[in-house]
1. What spacing in nm lies between the two simple spin-label points modelled at A:ALA2 and A:ARG77, each 7 Å away from Cα in the Cβ direction?
2. So, in nm, how far is label A:VAL151 from label B:THR91 when the simple model puts each one 7 Å beyond its Cα toward the Cβ?
3. Work out the charge dipole of segment B:4-91 with +1 on the Cβ of Lys and Arg and -1 on the Cβ of Asp and Glu about the Cα centre, then indicate which of B:LEU79, B:ILE68, B:LEU17 is farthest towards its positive end.
4. Nearest 500 deg cm²/dmol is fine: what mean residue ellipticity at 222 nm does chain A get from its DSSP H runs of n ≥ 4 alone, each adding -39,500 (n - 2.57), divided by its residue count?
5. Show me, for segment B:62-69, the HN-Hα J-couplings you get by feeding each phi into the Karplus relation (A = 6.51, B = -1.76, C = 1.60, θ = phi - 60°), rounded to Hz, glycine and proline as x.
6. Label-point separation (nm) for A:THR49 and A:ASN118, each offset 7 Å from Cα along Cα-to-Cβ?
7. Based on the Cβ-Cβ distance of A:VAL67 and A:ILE127, what FRET efficiency does E = 1/(1 + (r/R0)^6) give at R0 = 35 Å, to the nearest 0.05?
8. Per-residue ellipticity at 222 nm for chain B, helices alone: DSSP H runs ≥ 4 residues times -39500 (n - 2.57), over residue total, nearest 500 deg cm²/dmol?
Amino acid sequence: MATEVIWWLFALGIIALSAGVVFSRSVIHSAIFLIGSLAGVGVMFVILTVEFLALTQFLIYGGAVTVLVLLALMLTRADPSGRAEKVNGPQAPFALLAGIGVAAVLLVAALSTEWAGNTESPTNIAIEAISQRLFEDFGLPFILASVLLLVALVGAIIVARQEEGE
Amino acid sequence: MVPLENYLALSAIVFALGVYGVLARRNAVMILMSVELMLNAVNINFVAFAAYLDPGRIVGAIFAVFIITVAAAEVGLALAIVIRLFRNRATANVDEAATMKW
């Protein structure tokens, strides 16, 4: 019973904060709503008893990604006076239609499908099980992912650095 | 306990909000934030499927780890490009950055 209450609390929180991200008029407010929304997803992982992913979520999304986004926002403010800018393009009504369409299709598909297996309660995924799968069966993808991170890091530095005579 | 369908519905709604944000916003950083929302919706789905339907093999949880890795790489590189764009063009508006070369 308590789990349900907490689930609904955080689910509605995630939806409200995500709506704040996409409907807010200020870019900084959007970024701060994003922090809350990503932390809420981390709580979802806790309720799903996947603690490793919850920790990763808090560390990488709650910490690194949102700080990076906030930094980029502050570095790319065209108008530092802070007055409300026009944040949506003229295509926004059509984007709303597309969003409603996507939501309708996904909801109908997810709720009308008969899922095979236990859909009532989650099974605990131990951190040992994740590490065993990751390092035994997904060893090569794991190494490729680390190379990807390194390449992206070097690429980001090269793209963003100030060149001579600029 | 909470049934699987609740997670799928939550993920669908967050994903649709992300789709709206990607299509409607003009600022490149705000589009990136909406992309992060969509990636997180997908992560909820993957982990929910792993915990409910696939507890023996947990491939969904492994996929979520890789999605988080790739999303971190993506956001770092994309923000570098946005900062570069802002330095050259003094704007982060994607409508004004329609040319490949200038």
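1. For A:ALA2 paired with A:ARG77, the spin-label model returns 4.3 nm.
2. 3.2
3. B:LEU79
4. Per the formula, -21500 deg cm²/dmol.
5. 5, 4, 4, 4, 5, 4, 4, 4
6. 0.8
7. On the way: r = 26 Å, r/R0 = 0.74.
The computed FRET efficiency comes out at 0.85.
8. Working: 3 runs with 77 residues, N = 102.
The helix-only estimate for chain B comes to -27000 deg cm²/dmol at 222 nm.
Every read-out reported here was derived from the displayed coordinates using simple, explicitly stated rules and does not represent laboratory data. What you are looking at is a predicted structure, and each value in this text was computed from that prediction instead of being measured. With ideal geometry, Cβ positions are generated from the backbone for all residues, glycine too; neighbour counts draw on all protein chains shown.
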